[in-house]
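Just so it is clear, none of the values below were taken in a lab; they were calculated from the coordinates. Predicted model, so just to flag it, every value in this text is computed and none were measured. Virtual Cβ from ideal backbone geometry, glycine too; neighbours counted across all protein chains shown.
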Amino acid sequence: MPKKYQLPDFLQGRVLEVVYDRWLERKARAHVRRDRKRNNDTATRQAYKEAIHRAVLLSGGRDWYTGEDLAWELISSYNNEESRIGRRKYNAAFALLPTVDHVGDGLGPADFRICAWRTNDAKNDLDYREFVELCKRVVEFSNRQVANL
């Protein structure tokens, strides 16, 4: 019988299947816990695990929003103690760490995209349109700043 959450081809040789399985389980569990606190009664570990795996496959290994290659080798390697000690420098090394982003507010059925930790942090609670508008404003302002130099 084939494994339900088979390691995607683009992760072969980059991530061990056991590491991917553990990451998938942890991400599903964390998002279910968060969404249940928001009173999402449809949140189940199995549905979320399937949705996250589907999002990984759809990503092709890239950030959904920027198209950047993600550093899949970093999954399940973040260390809270090292982060506390190294702070910004340590966290910067994880900018392209794959993470799971909700499509919408997390109150409906499981729907996710995969993106870099940096992207997800910047996007925060914005929906896609709001995030794109914010990015446009940043670029427009940056272009004005450069023009004034």
*For TYR78 and ASP127, what does the FRET efficiency come to when R0 = 25 Å and r is the distance between their Cβ atoms, rounded to the nearest 0.05?*
0.40
_Largest-first principal axis extents, alpha carbons of the range 19-87, Å_ = 38, 30, 23
*Would you mind calculating the relative contact order of the range 48-116 from Cα pairs under 8 angstrom and at least 6 residues apart, reporting the percent as a whole number?*
43
*Tell me the label-point distance for the pair ALA47, VAL18, using the 7 Å Cα-to-Cβ offset, in nm and rounded to one decimal.*
3.3
*By how many nm would the segment from ASP105 to LEU134 lengthen if fully extended, with 0.36 nm per residue of separation less the alpha-carbon distance?*
8.6 nm
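Can you divide the C-alpha Rg of the chain by 2.2 N^0.38 Å and report the result to two decimal places?
Values: Rg = 17.0 Å, N = 149, 2.2 N^0.38 = 14.7 Å.
Compactness ratio reported: 1.15.
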_Net charge around LEU126, counting only other residues with Cβ within less than 14 Å of its Cβ (Lys, Arg = +1; Asp, Glu = -1)?_
-2
*Determine the sum of side-chain charges near ARG54: Lys and Arg each +1, Asp and Glu each -1, restricted to other residues whose C-beta is under 13 angstrom from that of ARG54.*
+2
*Please tell me which of these pairs span more than 20 angstrom C-alpha to C-alpha: LYS4/LYS27; LYS4/LYS123; LYS27/LYS123?*
LYS4/LYS123
*Provide the convex hull volume over Cα atoms per residue for the range 51-121, in Å³.*
97
*asked:* At 222 nm, what value in deg cm²/dmol follows for the chain if DSSP H runs of at least 4 each add -39500 (n - 2.57) and the sum is divided by all its residues, to the nearest 500?
replied: -16500 deg cm²/dmol
_Give me, ordered by chain and number, the residues 5 or more places off PHE112 or on other chains with an amide H under 5 Å from its own placed amide H._
VAL103
*Check cross-link reach from LYS89 to the aspartates and glutamates: straight Cα distance under 20 Å, and skip same-chain residues fewer than eight apart.*
GLU73, GLU81, ASP121
